[in-house]
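First the structure, in the form of structure tokens, and then the observations on it.
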Amino acid sequence: MASNPIAIDNRFLDQFEEFREFRRRSNETDEAVLQPQVVEGLTDQKETPDEIMRSAHRQIETALAEDLLARVRSAPPDFFERLIVNLLLSMGYGGTSADKAGRTLGRSGDDGVDGVVDQDILGLDRVYIQAKRYSAGNNIGSGAIRDFFGSLDRHKANKGLFVTTSSFSQSARETADFLSKRIVLIDGNQLSELMIRQNIGCRIEETLTIKNIDEEFFEA
């Protein structure tokens with residue numbers, strides 16, 4: 001200050017060893033903070049942007065499936081039965097008469113069947129439904145499959161759909177394959193996947209459009 005400099009800038013301060021040391025430490029700190037971001041974001045990136053987006057999409061759908069299943073498990077039993085009927089109608093069962101093609105059968109006097117859906121528009125064939133809203137780990141055993149088989153027999157039905165929010169034991173799946181009537185088993189994971197595919201209990205929030213070069217445009 002005694003020399004009365006015109007300006008005190010970096011060039012002036014570089015004559016002092018303390019300032020040069022300060023700048024060296026500052027540069028090392030900046031590199032330590034920024035370098036991992038550069039390496040992770042650019043240098044070591046093994047996935048393409050398209051692969052990253054698809055991976056993120058799978059994570060979003062996995063989280064959505066878990067949320068849907070949790071909501072279904074906490075809903076009343078009759079809601080679960082209506083859900084299965086609506087899901088089948090959205091998948092094309094019942095033809096165009098969706099208002100009459102599917103119905104729940106109630107809690108009492110249902111004779112072991114929770115719902116029924118016409119397989120075609122004329123109602124020539126029907127799918128009978130058994131719906132069990134169980135918590136995770138409370139799996140369906142072979143006894144429940146045999147009971148449902150008996151219910152189908154009483155209804156003179158040759159096919160049925162057994163849906164649960166939990167899962168099926170290996171013996172239950174083997175029993176369903178062994179019996180003479182066609183019984184399809186849908187566990188909680190399959191149920192949530194079908195709900196997402198049919199937009200049941202969920203809706204599209206945002207659509208992202210990915211564009212690419214139009215090779216035909218440049219060949220003209």
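Things worth noting here:
- Taking the conditions (1) touching a helix residue (DSSP H, G or I) at 6+ places or on another chain (Cβ under 9 Å); (2) modelled with pLDDT of 90 or more; (3) open to solvent by 40 Å² or more (accessible area, probe 1.4 Å) in turn, Leu83 satisfies each one other than (3).
- Ser151 being among the polar types (S, T, N, Q) and in a loop (DSSP other than H, G, I, E, B): no
- Selection status of Lys181, touching a Lys or Arg at 6+ places or on another chain (Cβ under 6 Å) and not β-branched (Val, Ile, Thr): no
- Residues considered: Ile183, Ile200. Of these, the only one that is in contact (Cβ under 8 Å) with a residue 40 or more places away in the chain and buried (at least 18 other Cβ atoms within 10 Å of the Cβ) is Ile200.
- Note on region 142-161: residues that are of a type in the set (Gly, Ala, Ser) and either open to solvent by 30 Å² or more (accessible area, probe 1.4 Å) or without any contact (Cβ under 8 Å) to a residue 24 or more places away in the chain (or both) amount to 2.
- Flag for Asn158 being over 30 Å from Ile60 (Cα atoms) and modelled with pLDDT under 90: yes
- Residue in region 186-193 that is farther than 19 Å from Ala75 by Cα and in a helix (DSSP H, G or I) present: no
- Filter result for the condition that a residue is on the phi < 0 side of the Ramachandran plot, surrounded by 18 or more Cβ atoms within 10 Å (Cβ to Cβ) and either free of Cβ contacts under 8 Å to residues at least 60 places away in the same chain or not aromatic (Phe, Trp, Tyr) (or both), over Thr165, Thr207: Thr165
- Unique match (being open to solvent by 100 Å² or more (accessible area, probe 1.4 Å), acidic (Asp, Glu), more than 30 Å from Arg58 (Cβ to Cβ) and out of contact with any Lys or Arg (no Cβ under 9 Å at 6 or more places or on another chain)) among Glu216, Glu193: Glu216
- Here Lys156 clears all of (1) assigned to a loop (DSSP other than H, G, I, E, B); (2) charged (D, E, K, R); (3) under 31 Å from the mean Cα position of the chain (by Cα) except the condition numbered (3).
- The criterion of being over 12 Å from Leu68 (Cβ atoms), in a loop (DSSP other than H, G, I, E, B), out of contact with any helix residue (DSSP H, G or I) (no Cβ under 7 Å at 6 or more places or on another chain) and open to solvent by 40 Å² or more (accessible area, probe 1.4 Å) does not hold for Glu174.
- Criterion (assigned to a loop (DSSP other than H, G, I, E, B), open to solvent by 100 Å² or more (accessible area, probe 1.4 Å), at pLDDT below 85 and polar (S, T, N, Q)) met by exactly one of Gln45, Gln15: Gln15
- Looking across region 87-133, the residues that are crowded, with 18+ Cβ neighbours inside 10 Å, modelled with pLDDT of 60 or more and assigned to a helix (DSSP H, G or I) come down to Leu87, Leu88, Leu89.
The values are calculated or read from the model by the stated rules, or taken from the named source; none is laboratory data. None of these values were measured; they are calculated from a predicted model. Backbone-built Cβ (ideal geometry, glycine too); neighbour counts: all protein chains shown. With ligands, DNA and RNA removed, areas are computed over all heavy atoms of the protein, side chains included. Shrake-Rupley method; radii C 1.70, N 1.55, O 1.52, S 1.80 Å.
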